[in-house]
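The values are calculated or read from the model by the stated rules, or taken from the named source; none is laboratory data. Being a predicted model, the structure only gives us computed values, none of them experimental. Every residue, glycine as well, gets a Cβ built from its backbone with ideal geometry; the counts of neighbours run over all protein chains shown.
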């Protein structure tokens, strides 16, 4: 579908010239003979770009720009004028114009500006969509007493720089808690860097966390920036912290104590400003007693302790989670969300969820794929093997 451009100019010759060149380039073009007509067209339709003259009767270009900013702030606005000065250009850009072009316009420059403006519009739209997805990804579903307590704790803790240790079984949503803490923190504009300590071989964990210098070991063919440096100014989420080697634990402890790290094979100390949020499915005090985890690191990490209960401990939240997953997964599949009857919901509430929320999501996805228009108790019996 052709991208649409609105040309607003009181000079018919200019409108005609722009209409011809833009149409030749594959754009769909509409015209407005003055500012008042331009504002009306902006109100009535959505445009991919607006090109507007400054000096016009009734309503001038700056007024049209201001009105466009109120009505459709995401539409890129390009100002053109034969009476231009540097002050006019600066004023237009300050008020939200994408760019300023003098009359008679250089058509090559105009086309480049239009394409750049549309590229920016696409990037802004993508960024908004990504932010929406990220926000959705950290959404915490459930109003049970345990979930209310966790949400209250997060709201109190997030604005601080206190380190947080999140515990709970696999699949309960520990990563979700970490993301929510970061999202509500003063560091939310900086990155949230995640590292799964259990997924990295013990001989590589130090390089992953602290980075390495070129030539520091056989496969170090170039310098590597570690997770601590990447997260500087933001949050470092260290998942499965209980699986980290004792040697790496000692270096993490030093980094937390001093706010400095040294890359593997390097000598220079590098300052890092990182908030660490850690998570584990292990009982760290048992790991301490078994001499597999440092007690001093446990106390460093566990300024705030958040335990995420299993799904079996918060069965009241299962209906809300089912509704959420039905909608979320159906959106992914681009189909209308299926209904589920009360008996089916009750059966799922009675199920023994050894895989917690992760398992519930998989089950809902399976039911969406295999069941008919409405998910019934019979579907539960057929596709979910209740233990």
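Worth pointing out:
- Taking segment 148-267 and the strands (runs of 3 or more DSSP E) fully enclosed by it, the elements with 3 or more residues that are under 18 Å from the mean Cα position of the chain (by Cα) are at 192-196, 235-239.
- Any pair with Cβ under 6 angstrom, 6 or more apart, that starts in segment 42-62 at a residue that is touching a residue at least 60 places away in the same chain (Cβ under 8 Å) and ends at one that is assigned to a loop (DSSP other than H, G, I, E, B): 48/3; 49/76
- For segment 323-350, a residue qualifies if it is in a helix (DSSP H, G or I) and farther than 17 Å from residue 381 by Cα, and the qualifying residues are 323, 324, 325, 326, 327, 328, 329, 330, 331, 332.
- Of the listed requirements (1) assigned by TED's automatic domain parsing to the domain that holds residue 173; (2) buried (at least 19 other Cβ atoms within 10 Å of the Cβ); (3) more than 18 Å from residue 198 (Cα to Cα), residue 294 misses just one: (3).
- Sole exception among (1) crowded, with 17+ Cβ neighbours inside 10 Å; (2) free of Cβ contacts under 8 Å to residues at least 60 places away in the same chain for residue 362, by number: (1)
- Taken together, the criteria place residue 261 among residues that are touching a helix residue (DSSP H, G or I) at 6+ places or on another chain (Cβ under 8 Å) and either modelled with pLDDT under 95 or exposed (fewer than 14 other Cβ atoms within 10 Å of the Cβ) (or both).
- For the residues 226, 234, the requirement of being crowded, with 21+ Cβ neighbours inside 10 Å and either in contact with a strand residue (DSSP E or B) (Cβ under 9 Å, 6 or more places away or on another chain) or at pLDDT 95 or above (or both) singles out 226.
- Screening residue 368 with (1) touching a strand residue (DSSP E or B) at 6+ places or on another chain (Cβ under 9 Å); (2) at positive phi gives one miss only, at (2).
- All conditions but one from (1) closer than 20 Å to residue 48 by Cα; (2) surrounded by 13 or more Cβ atoms within 10 Å (Cβ to Cβ); (3) modelled with pLDDT of 85 or more apply to residue 107; the one that does not is (3).
- Candidate set: segment 368-378, residues that are part of a helix (DSSP H, G or I) and in contact with a helix residue (DSSP H, G or I) (Cβ under 6 Å, 6 or more places away or on another chain); chosen: the one nearest to residue 316 (Cα to Cα): 377
- Segment 21-35 - residue that is assigned to a helix (DSSP H, G or I) and out of contact with any helix residue (DSSP H, G or I) (no Cβ under 6 Å at 6 or more places or on another chain) and, of those, surrounded by the fewest Cβ atoms within 10 Å (Cβ to Cβ): 24
Residues are listed down the side, and each one gets a yes or a no for (1) farther than 15 Å from residue 9 by Cβ; (2) touching a helix residue (DSSP H, G or I) at 6+ places or on another chain (Cβ under 7 Å); (3) at pLDDT below 85; (4) surrounded by 16 or more Cβ atoms within 10 Å (Cβ to Cβ):
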{"residue": "53", "(1), (2), (3), (4)": "no, yes, no, yes"}
{"residue": "60", "(1), (2), (3), (4)": "no, yes, no, yes"}
{"residue": "82", "(1), (2), (3), (4)": "no, no, yes, no"}
{"residue": "87", "(1), (2), (3), (4)": "yes, no, yes, no"}
{"residue": "120", "(1), (2), (3), (4)": "yes, no, yes, no"}
{"residue": "136", "(1), (2), (3), (4)": "yes, no, yes, no"}
{"residue": "147", "(1), (2), (3), (4)": "yes, yes, no, yes"}
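- For segment 179-205, taking the residues that are farther than 16 Å from residue 231 by Cβ and touching a helix residue (DSSP H, G or I) at 6+ places or on another chain (Cβ under 6 Å), the one that is surrounded by the fewest Cβ atoms within 10 Å (Cβ to Cβ) is identified as 198.
- When 38, 96 are checked against the criterion of being in contact with a helix residue (DSSP H, G or I) (Cβ under 6 Å, 6 or more places away or on another chain), assigned to a helix (DSSP H, G or I) and under 18 Å from residue 5 (Cβ atoms), 38 stands alone in meeting it.
- Hey, residue 348 surrounded by 14 or more Cβ atoms within 10 Å (Cβ to Cβ) and under 30 Å from residue 235 (Cβ atoms) or not: no
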